[in-house]
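Below is one structure; the comments refer to it alone.
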Amino acid sequence: MRMATTLSVLVLGAGGIGHAVVTGLDTGIDRVDAFKDMKNRPQAGHGMNVLVVGTDGRERISEEERQAYRLGGAPCRCTDTVMIVHISEDRERASVVSLPRDSYAEMPEHVDTTTGKRHQAHPVKLNAAYAEGGPGLTVRTVESMTGVKIDHYLEVDFTSFMRTVDAVGGVRICTTRPMKDAYTGLDLPAGTHELSGGQALQYVRSRHVDGAADIGRMQRQQRFVAALIHQVTSSGVLLNPVRFRTVARTMMTSVRADRDFGTHQMLGLAKAMRTFSPASSEFVSVPIGDMSFPVKGIGSTVKWDAAKAQKIFQSLREDRPLAPLRTVATGPQAVVVDVAPRTVRVQVYNGTRTGGLGRKADAALRGTGFHTTGVPRTGQGPERRRTLVEYDPGWDRSAKALAAALPGAELRAVKGQGGTMKVTLGADYRGVTAVRVESHTAAFEPVTGDQVVCP
């Protein structure tokens, strides 16, 4: 009885502290009536759906930040980012669905909040809904397109984004190739980076890094959200009342939310996320049927693959996972490399006295995608202690992709060797690490957070 009483006091005390910590934070939120006079809405499903939009808001940025992060020009009063975040009813899973900002949309009948003019239903790009009718019209348009009832609305601008990232201590991002965008000022060499708020803003805004434009940007935004979840859940923010209040206050004082998003919802989300890990989150972009669908008076739009898109939204309504359930351990996640393994030809040599090792290594490399000869050979000379990868300098990117599959291997350039990589196994060989090339088509296939954060 004494033990039960003690536990009860601790639970009640922790609950009281938790409530005291966040009480009053919601009074600093800029409120919007995102659901005013809405009728004929989709039927509510299970779990909670939050429409998260990223807006320009550069008028609130300091001049120093404008110059440092290339934020010049006039604000567009539009949404750069549109996501549906679904929190499962059991609060054990978060599903994030990215909606391309240039998606072809049928705007419902509405009154323009800027001009006061009444508009009949008409086709637009999705991000124009905010410009014409603000949060309310954005919610109505998204519900009409998806059939998913939105429970809460959260609007994040440049300022709140940067301040929140800084408040959690930065976010770690990994890149397999250099990323440079003259428009945003992003300049990251290949490798692992701890991004501050301003750098993170450059990372999620960049759409001129490669030819993937907005699709590539959505992938980077998804990776960033997964990395942010990892940072928040692994750094003790949710278990430290003082630190949680600091982070929450930083974010809440510069976001806009619907009138019902308050203390109770914040406590519920914080409690749920205490047991979260990157694997608890899953990400997907709406499948595209036509990347350049022309519309008179609007220009090129992005048209969804209706059948595939509806499968995703049906899963949200029914509170089902988007990503395939992994019931067995899959080992370390595949390392993302810059060159497709299937384009890398490899000849394996066994430089050890272990019989059959060359055959096993050849099969393992072939299993992760490399184009092996299938006929391993015996190495010349004394037994090697360290695995060696020899390559022609003209194929250095292919060699790096191969070395990623053989952790600890020595790289040695050999002029005139040609396009076939030569792998001589050493006594340190312990197997092959799975690798994969980054593909922008993967944006339309559901992935869990542990598959996209840094290893």
Open item on the list: Cβ-Cβ under 6 Å, sequence separation 6+ or interchain: first residue in segment 416-433 and of a type in the set (A, V, I, L, M), partner loosely packed, with under 15 Cβ neighbours inside 10 Å and part of a loop (DSSP other than H, G, I, E, B). Which pairs?
Closed with: 427/385
- [ ] Please go through segment 117-134 and pick out each residue that is of a type outside the set (Gly, Ala, Ser) and open to solvent by 20 Å² or more (accessible area, probe 1.4 Å).
- [x] 117, 118, 119, 120, 122, 123, 125, 127, 132
TODO: From the list 386, 377, 359, pick out the single residue that is surrounded by fewer than 19 Cβ atoms within 10 Å (Cβ to Cβ), closer than 19 Å to residue 341 by Cα and free of Cβ contacts under 8 Å to residues at least 60 places away in the same chain.
DONE: 359
Task: Qualifying residue in segment 108-116 (condition: farther than 30 Å from residue 455 by Cα and surrounded by 17 or more Cβ atoms within 10 Å (Cβ to Cβ)) - done: yes
TODO: Can you confirm whether segment 212-229 contains a residue that is of a type in the set (D, E, K, R) and in a loop (DSSP other than H, G, I, E, B)?
DONE: no
Open item on the list: Six or more apart or on different chains, Cβ atoms under 7 Å: show the pairs whose first residue is in segment 174-186 and more than 24 Å from residue 398 (Cα to Cα) and open to solvent by less than 80 Å² (accessible area, probe 1.4 Å) and whose second is at pLDDT 85 or above and assigned to a strand (DSSP E or B).
Closed with: 186/179; 186/180
Task: Residue satisfying all of: in segment 138-157; of a type in the set (A, V, I, L, M, F, W, C) and open to solvent by 10 Å² or more (accessible area, probe 1.4 Å); nearest to residue 43 (Cα to Cα) among these - done: 145
Open item on the list: Just to be sure before I move on: is residue 245 open to solvent by 60 Å² or more (accessible area, probe 1.4 Å), assigned to a helix (DSSP H, G or I) and at negative phi in the structure I sent?
Closed with: yes
Open item on the list: Only one of 413, 404, 409 is out of contact with any helix residue (DSSP H, G or I) (no Cβ under 8 Å at 6 or more places or on another chain) and small (Gly, Ala, Ser). Can you tell me which?
Closed with: 404
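The values are calculated or read from the model by the stated rules, or taken from the named source; none is laboratory data. Fair warning: this is a prediction, and the values are worked out from it, not measured in the lab. Ideal geometry is used to build each Cβ from the backbone, glycine not excepted, and the neighbour counts take in all protein chains shown. Accessible surface areas use protein heavy atoms only, side chains included; no ligands, DNA or RNA. Shrake-Rupley method; radii C 1.70, N 1.55, O 1.52, S 1.80 Å.
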